[in-house]
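What follows is a set of notes on a single structure, which appears directly below.
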Amino acid sequence: MSISQVVEALKQLQAFDEQLKPLAADSPEAHTAAQQWTQYLNQIRRDNPTLASLYERIRRKLIAQGKRVVVTLHGTHCPGCWMRLHIQALVKLRAGEAVVCEHCQRILVS
Ligand SMILES: [Zn+2]
């Protein structure tokens, strides 16, 4: 799995989390979305266990608050906490990698 595929899978996880939230936990739709969610998470875990565990760890808190785990870089700032990112993080993002915001722990993509 290339880094761009990991980034795509992270975006899919986020999309499933947004679908899951309004669904009743025992509905068939929620069951299907939860299965797909697990597939994407396992794909990410194979290549990047650190990002996969981070996603699992911070989603409970953030999703419960109606916030996104995976956010898209806004200029030179993290749109989750509005802190400016270090140049090293920006270089990685421009290369298509995912980075973790050191201030709010959200996963940033470009
Ligand atoms: Zn942040």
Determine the pairs where a residue that is closer than 18 Å to TRP37 by Cβ and surrounded by 14 or more Cβ atoms within 10 Å (Cβ to Cβ), located within segment 48-74, has a partner that is of a type in the set (Lys, Arg) and at pLDDT below 90 with Cβ atoms under 7 Å apart, the partner being 6 or more residues away or on another chain. ILE63/LYS21; VAL69/ARG59
Give the residue that is surrounded by the most Cβ atoms within 10 Å (Cβ to Cβ), with candidates limited to residues of segment 75-98 that are more than 10 Å from the ligand (Cβ to nearest atom) and closer than 17 Å to LEU13 by Cβ. ALA98
For ARG59, only one of the following conditions fails: (1) over 14 Å from LEU10 (Cβ atoms); (2) at pLDDT below 90; (3) away from the ligand (no atom under 11 Å from the Cβ). What is its number? (1)
Given the conditions (1) buried (at least 16 other Cβ atoms within 10 Å of the Cβ); (2) away from the ligand (no atom under 13 Å from the Cβ); (3) modelled with pLDDT of 95 or more, every one holds for LEU108 apart from (2)
So in segment 6-26, with the set limited to residues that are at pLDDT 90 or above and polar (S, T, N, Q), which one is nearest to the chain's Cα centre (by Cα)? GLN14
Of (1) within 12 Å of the chain's Cα centre (by Cα); (2) within 11 Å of the ligand (Cβ to nearest atom), TYR40 satisfies every one except (2)
State which residue pairs qualify: first residue in contact (Cβ under 8 Å) with a residue 60 or more places away in the chain and inside segment 1-22, second residue part of a helix (DSSP H, G or I) in any location, beta carbons under 6 Å apart, and separation of 6 or more residues or different chains. VAL6/ILE44; VAL6/ASP47
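The values are calculated or read from the model by the stated rules, or taken from the named source; none is laboratory data. Predicted model only: the values in this text are computed from it and were never measured. Backbone-built Cβ (ideal geometry, glycine too); neighbour counts: all protein chains shown.
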